[in-house]
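Before any comments, here is the structure.
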């Protein structure tokens, strides 16, 4: 790891070095002494001094380049990582000349952003040299990456950003509101408790906009005697004289503190953080202050627009405009409610998007991805919740076998759990329903860009839209291997009508495009779905694989004896018309009228994204009737089944319903419909009963038959457990998927 000075390694890369030393021997290179690295050195981490000057000197820079090249040739490193402009240039050149296979440069701010003339062109040229020599490139914020693309330093798709930006993330335990420190330091600096304190914390130089802030505060202080300015940080350009001049104008209201190693304490003193900078790679001080609960006033420039959500966590202004800075200070300073609202939003956003744990985990996976050379698997599915409920064991098993596993879903609940599992997550715009042409095109474009950036060896596409758009994207990008999982044919193939027929015709053509890749496997869960798609799309049978469901964890869904007391009939599903919810309720009413004593549990919530979702008015009517008990969504389905006697799913069509497999694993007899998917999940008259779809009377008869014969219930439950063990175990399903992956990696 190469930097110009040890300070950069200490401040920016300490957590990265801690990550890398777990898997690699790490050598740190900088122009300085070992004692400046403050405890970084030790087992697996060493330091080699190298005379890399910060200022341009053709002779010294050439000597540094030669020394680095000889050093790299002698050591034969697997990879070189550099940061800061000068060290990036000489390190990437030397690493390329020495043949180092992995060359990573981290861009964290462009010194030429505010330069003009020859120097600007020269520095931009050196950045282009870095890009040409590097194999991997990182920006510390999305807007910095966009700035480099707009200035033609790097091509779109060539540079990555880890997590949401930042290089270290914020330690929410360190950077948090602290009333005790606020009181102590306000007392120390004679700042009244009710004063509004505007805080600048950083290096004092002109590029940080310090002079603009001083001019702005002189306007603000003249209007409001309760406003104070606190300036914290080392003076790099002799600006203390300007601070002192302002302090003489407003005695007792301008406070100066030099360098501090406890910035969080001074953030606790402040009410608003100010960063009127002219250039930033990423405004990390703004995120740290946000975690403490400070709204921001900052420049509207790249690197800061990622750290501040304008109008939500702070106010932005044009760089160099001290009048606009003053206006923002007056606006925030005069409204305690605005400060409070923005402070809460800022702290929430800092923790949710930029926590140290999140950033560190993302960098850990990035480094494994960059330096390991492992095969990359990208699983694309509608939602994070769906991945967690149906594909997480597969993803973890693939990771355990050495794959670098990426997950692409829409954003929302479940993403943190995916990251916590050590998987790499990518958010994509993906709606499960709807046919808005613009949004569908955006999904396709997002998948193309993602495949270009990740460069997966295999993409595993799950459910209809990922299969369709992901299949086309994989063909456009040239992904080596594609797995398409058809877990059900969905609304388009299950319903009739002119509009549905038109959509189905279009879908078939898109399926044909998606299935045109040679190195492809399409997984179906039942033969009926396979036959339908094969006939419609002319899919080659050699590309078809049959896997019965996504597997069941037999230890989590354990067989238990039938409970005592009033029998319980459970239906666990999304509350959709196509799941047969209305027939279940009607059957419950019929059986109550027959005098059968039983409780009917309906487990699940409506799905507003599905056109067949039940109406809330219907649910209210069911509650009032007392025929069924609505339990809502439950995460403990195994516990629900343990309290039940029978599990029912009167669906109109399925891929292979996981709920029936879980019921079998729990040793429960089932009643389901004689339709594709449902009939494939049971052994008829052995593990359960079949009834015609849309027939509440037949469903009631089957339920009554089982409830009136306890021995039959127990016998079918035992047979169901045996079926689950032999056919549906998660281990068997995962192993089959991994075999398919291996086959795609070795085509022909």
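Just for strands (runs of 3 or more DSSP E) wholly inside the stretch 506-601: which have at least 3 residues that are crowded, with 19+ Cβ neighbours inside 10 Å?
Qualifying strands (runs of 3 or more DSSP E): 520-524, 568-572.
I'd like to verify a number: residues in the stretch 127-152 that are surrounded by fewer than 18 Cβ atoms within 10 Å (Cβ to Cβ) and in a helix (DSSP H, G or I), how many?
Count: 7.
Return the pair list, or none, for Cβ contacts closer than 8 Å from residues in the stretch 342-357 that are surrounded by fewer than 17 Cβ atoms within 10 Å (Cβ to Cβ) to residues that are outside any helix (DSSP H, G or I) and at pLDDT below 95, at least 6 apart or on different chains.
Pairs that qualify, where the first residue is surrounded by fewer than 17 Cβ atoms within 10 Å (Cβ to Cβ) and the partner is outside any helix (DSSP H, G or I) and at pLDDT below 95, are 357/169.
Of the residues 585, 603, which single one is touching a residue at least 40 places away in the same chain (Cβ under 8 Å) and assigned by TED's automatic domain parsing to the domain that holds residue 663? I'd like the intermediate steps shown before the answer.
On the way: 603 fails: touching a residue at least 40 places away in the same chain (Cβ under 8 Å).
After ruling out the rest, the residue left standing is 585.
State whether the residues of the stretch 92-108 include one that is farther than 23 Å from residue 138 by Cα and modelled with pLDDT under 95.
Looking only at the stretch 92-108, we keep the residues that are farther than 23 Å from residue 138 by Cα, and these are none.
Taking every residue of the stretch 92-108 in turn, none turns out to be farther than 23 Å from residue 138 by Cα and modelled with pLDDT under 95.
Report yes if residue 211 is within 20 Å of residue 272 (Cβ to Cβ) and assigned by TED's automatic domain parsing to the domain that holds residue 293, otherwise no. Full working, then the answer.
On the way: within 20 Å of residue 272 (Cβ to Cβ): yes; assigned by TED's automatic domain parsing to the domain that holds residue 293: yes.
Yes: the conditions hold for residue 211.
Where the second residue is at pLDDT 95 or above and surrounded by fewer than 19 Cβ atoms within 10 Å (Cβ to Cβ) and the first is assigned to a loop (DSSP other than H, G, I, E, B) and lies in the stretch 310-328, which pairs have Cβ atoms under 7 Å and are six or more apart or on separate chains?
Cβ pairs passing all conditions: 312/345; 313/345; 318/300.
Can you pull out every residue in the stretch 147-163 that is touching a residue at least 40 places away in the same chain (Cβ under 8 Å) and closer than 21 Å to residue 425 by Cβ?
Passing the criteria: 157, 159, 160, 162, 163.
Could you tell me which numbered condition residue 115 fails, if it satisfies all but one of (1) in contact (Cβ under 8 Å) with a residue 12 or more places away in the chain; (2) assigned to a loop (DSSP other than H, G, I, E, B)?
(1)
Do we have residue 104 as surrounded by 19 or more Cβ atoms within 10 Å (Cβ to Cβ), closer than 27 Å to residue 354 by Cα, in contact (Cβ under 8 Å) with a residue 24 or more places away in the chain and touching a helix residue (DSSP H, G or I) at 6+ places or on another chain (Cβ under 7 Å) here?
For residue 104, the condition - surrounded by 19 or more Cβ atoms within 10 Å (Cβ to Cβ), closer than 27 Å to residue 354 by Cα, in contact (Cβ under 8 Å) with a residue 24 or more places away in the chain and touching a helix residue (DSSP H, G or I) at 6+ places or on another chain (Cβ under 7 Å) - is met.
Matching residues to (1) surrounded by 16 or more Cβ atoms within 10 Å (Cβ to Cβ); (2) part of a loop (DSSP other than H, G, I, E, B):
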| residue | (1), (2) |
| --- | --- |
| 693 | yes, yes |
| 698 | yes, no |
| 711 | no, no |
| 715 | no, no |
| 718 | no, no |
| 724 | yes, no |
| 733 | yes, no |
| 739 | no, no |
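What's the number of the only condition in (1) free of Cβ contacts under 8 Å to residues at least 60 places away in the same chain; (2) out of contact with any helix residue (DSSP H, G or I) (no Cβ under 6 Å at 6 or more places or on another chain) that residue 426 fails to meet?
Every listed condition holds for residue 426 apart from (2).
Could you go through the stretch 383-403 and let me know if any residue there is under 23 Å from residue 744 (Cβ atoms) and outside the structural domain of residue 464 (by TED's automatic domain parsing).
Looking for residues that are under 23 Å from residue 744 (Cβ atoms) and outside the structural domain of residue 464 (by TED's automatic domain parsing), one finds none in the stretch 383-403, hence no.
How many of the residues in the stretch 1-50 are assigned to a loop (DSSP other than H, G, I, E, B) and farther than 14 Å from residue 88 by Cα?
14
One line per residue, one yes/no per condition, for (1) modelled with pLDDT under 90; (2) in a loop (DSSP other than H, G, I, E, B); (3) in the same structural domain as residue 467 (by TED's automatic domain parsing); (4) out of contact with any helix residue (DSSP H, G or I) (no Cβ under 8 Å at 6 or more places or on another chain):
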position: 347; (1), (2), (3), (4): no, no, no, no
position: 358; (1), (2), (3), (4): yes, no, no, no
position: 363; (1), (2), (3), (4): yes, no, no, no
position: 413; (1), (2), (3), (4): yes, yes, yes, no
position: 447; (1), (2), (3), (4): no, no, yes, no
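Whether any residue in the stretch 648-656 is assigned to a loop (DSSP other than H, G, I, E, B), at pLDDT 95 or above and within 22 Å of residue 710 (Cα to Cα) is what I want to check.
For the stretch 648-656, residues assigned to a loop (DSSP other than H, G, I, E, B), at pLDDT 95 or above and within 22 Å of residue 710 (Cα to Cα): present.
Could you tell me which residue of the stretch 51-84 is surrounded by the fewest Cβ atoms within 10 Å (Cβ to Cβ), considering only residues that are part of a strand (DSSP E or B) and in contact with a helix residue (DSSP H, G or I) (Cβ under 7 Å, 6 or more places away or on another chain)?
The qualifying residue surrounded by the fewest Cβ atoms within 10 Å (Cβ to Cβ) is 79.
In the stretch 415-430, how many are part of a loop (DSSP other than H, G, I, E, B) and farther than 12 Å from residue 388 by Cα?
4
Quick one: which of 257, 272, 231 is in contact with a strand residue (DSSP E or B) (Cβ under 7 Å, 6 or more places away or on another chain) and within 14 Å of residue 332 (Cβ to Cβ)?
The conditions single out 272.
Residue check: is residue 123 out of contact with any strand residue (DSSP E or B) (no Cβ under 8 Å at 6 or more places or on another chain), surrounded by 15 or more Cβ atoms within 10 Å (Cβ to Cβ), over 19 Å from residue 452 (Cβ atoms) and free of Cβ contacts under 8 Å to residues at least 60 places away in the same chain?
The answer is yes for residue 123.
The values are calculated or read from the model by the stated rules, or taken from the named source; none is laboratory data. Remember, it's a predicted structure, so these values are computed and weren't measured experimentally. Virtual Cβ from ideal backbone geometry, glycine too; neighbours counted across all protein chains shown.
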